[in-house]
Amino acid sequence: MKATQSPLFGSVDEVTERLASVGYLASTAVATTVYLADRLGKPLLVEGPAGVGKTELAKAVAASTESGLVRLQCYEGIDEARALYEWNHAKQLLRITAGQGNEDWDATRDDVFSEEFLLPRPLLTAIRREDPTVLLIDEMDKADVEVEGLLLEVLSDYQVSIPEMGTVTATRKPFALLTSNSTRELSEALKRRCLFLHLDFPDPDLERRIVLTRVPELPESLVDSLVRTVRVLRAMELRKVPSVAETIDWGRTLLALGMDTLDDEAVRATLGVVLKHHSDQTKATAELRLN
Ligand SMILES: Nc1ncnc2c1ncn2[C@@H]1O[C@H](COP(=O)(O)OP(=O)(O)OP(=O)(O)O)[C@@H](O)[C@H]1O
Ligand SMILES: [Mg+2]
C-alpha cells in the first residue's frame, strides 16, 4: 500500500497565519517552502546558522496543525538501533529462558521476534503513526554519513524493512523536516529527495516582530535598538555572531534588569548574553568604543 498524505495547509497565506498563531513568524520564502513540501509530500531540508529558528519551525508546523511531533536528535555515532528500531534483548532472553523445555525452537523464535519484543525508535515510530505527524530529524550533519543511507529508504518510500517481521509501510506520510548547520555536506542522494530551504538571519523588520512576539512586554523603542545593535555585531568578524535566540535572550535580560534603554553602560553590562567568546567580547567592546 502506498502512503498517502492529506495536505496540512490550503495555501501559502494559511501557512503564514497558522505558524503565526503559535508564535512563529515566517518570511514569505519560509511559508512558501513549507507549503510546497506539504503539497508535494517531500521532506524539507532546512540549513542555516545556529539559532535562526530551524528546529522551532518543525515544532511550529506540528503545533499549528495539531500533528504529533516525533524527533530524531542526531549525534556522532547514532546508529540504526537508535534511529530505527532494536530488539529488546533482555526481554527476549527472559522469554527464551522461561519457555525452555516446554516449547520447540521455531515457536520460540517466532515469538521473540514479534511486536512485543520490538523497541521502535523515532523513524519507525513516525512511519507507523496513523495520526498526522511531523518527523523532525534534527542536526542531520552531526550524524555519520552511513545514517543517510537509512534515511534514504525511509524518506523515499516511507517504509522500513525489519528482516524478522517484514516491511512496515506508512499509511500516512509524516511531514518530514531535516535540519543542518552545515558542519559537513549532506549527500547528493539525500538532498535530491528533499526540498531545500536556507534559513538565514531575518531582516530587521522580521527580527523586531519576532522579538516582540516572544517578549511582548518590551518597549518597541528598546526592541529597535536591540535589533540594530545585534546587526552591528553580526557585521563584525566574530567567532560566533549572535543569533535570533540571543536577541530574544538579550531582550529578556534587559527586562529582568529593568533597563529601558540600550546605552553603552547597558551593553557593557549584558554583552555576555549575546557574545559567548571572550575574544568576541573584547573585539566588540573595542569596535563599539565601550571602553
Ligand atoms: N521566525 C521565528 N519566529 C519566532 N521565533 C523564532 C523565529 N526564529 C527563531 N525564533 C526563536 O529563536 C529560538 C532559536 O531557534 P531554534 O532553536 O529553532 O534555532 P536553530 O536554528 O534550530 O538553532 P541550532 O542550529 O542551534 O539548533 C527559538 O526558540 C525561537 O524562540
Ligand atoms: Mg536546532
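Here, each number is a calculation from the coordinates, and none is a lab measurement. Here the structure is a predicted model, which means the values were calculated and not measured. Note that we place each Cβ from the backbone using ideal geometry, even for glycine, and neighbour counts take in every protein chain shown.
The figures follow:
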| quantity | calculated |
| --- | --- |
| With Cα atoms, 0 to 90° folded angle of helix 28-40 axis to the chain main axis | 10 |
| Two-site label geometry, Arg184 and Leu119: point separation in nm, points 7 Å out along Cα→Cβ | 2.5 |
| Qualifying chymotrypsin sites (Phe, Trp or Tyr not before Pro) for the range 113-191 [loop in DSSP, other Cβ within 10 Å: at most 16] | Phe113 |
| Full-stretch length increase - His198, Thr167 - with 0.36 nm per residue and alpha-carbon distance subtracted | 7.8 nm |
| Between the range 9-71 and the range 190-265, the Cα center-to-center distance that results, in Å | 20 |
| Two-site FRET efficiency, Arg209 against Leu94, from Cβ-Cβ distance with R₀ of 41 Å, rounded to 0.05 | 0.15 |
| FRET efficiency for Asp111 and Asp141, using Cβ-Cβ distance with R0 set to 45 Å, rounded to 0.05 | 0.65 |
| Mean ellipticity per residue at 222 nm, deg cm²/dmol - from DSSP H runs of n ≥ 4 across the chain, formula -39500 (n - 2.57) | -14000 deg cm²/dmol |
| Cα-Cα separations in the chain greater than 27 Å, expressed as whole percent | 52 |
| Percent breakdown of C-alpha pair distances by 5 Å bin, ordered from the shortest bin, for the range 204-285 | 3, 16, 31, 26, 16, 7, 1 |
| Label-point separation, Glu217 to Glu76 (7 Å along Cα→Cβ), nm | 4.1 |
| GluC sites (Glu not before Pro) within the range 10-68: DSSP coil, no more than 16 neighbouring Cβ in 10 Å | Glu66 |
| Translational D in µm²/s for the range 156-213 (Stokes-Einstein at 20 °C, 1.002 mPa s, Kirkwood Rh from C-alpha pairs) | 140 |
| Count of Lys pairs (Cα-Cα under 23 Å; at least 8 positions apart or interchain) in the chain | 22 |
| Inter-site label distance for Leu257 and Ser225 at 7 Å from Cα along Cβ, in nm | 1.1 |
| Cα principal axis extents for the range 135-264, largest first, Å | 65, 32, 23 |
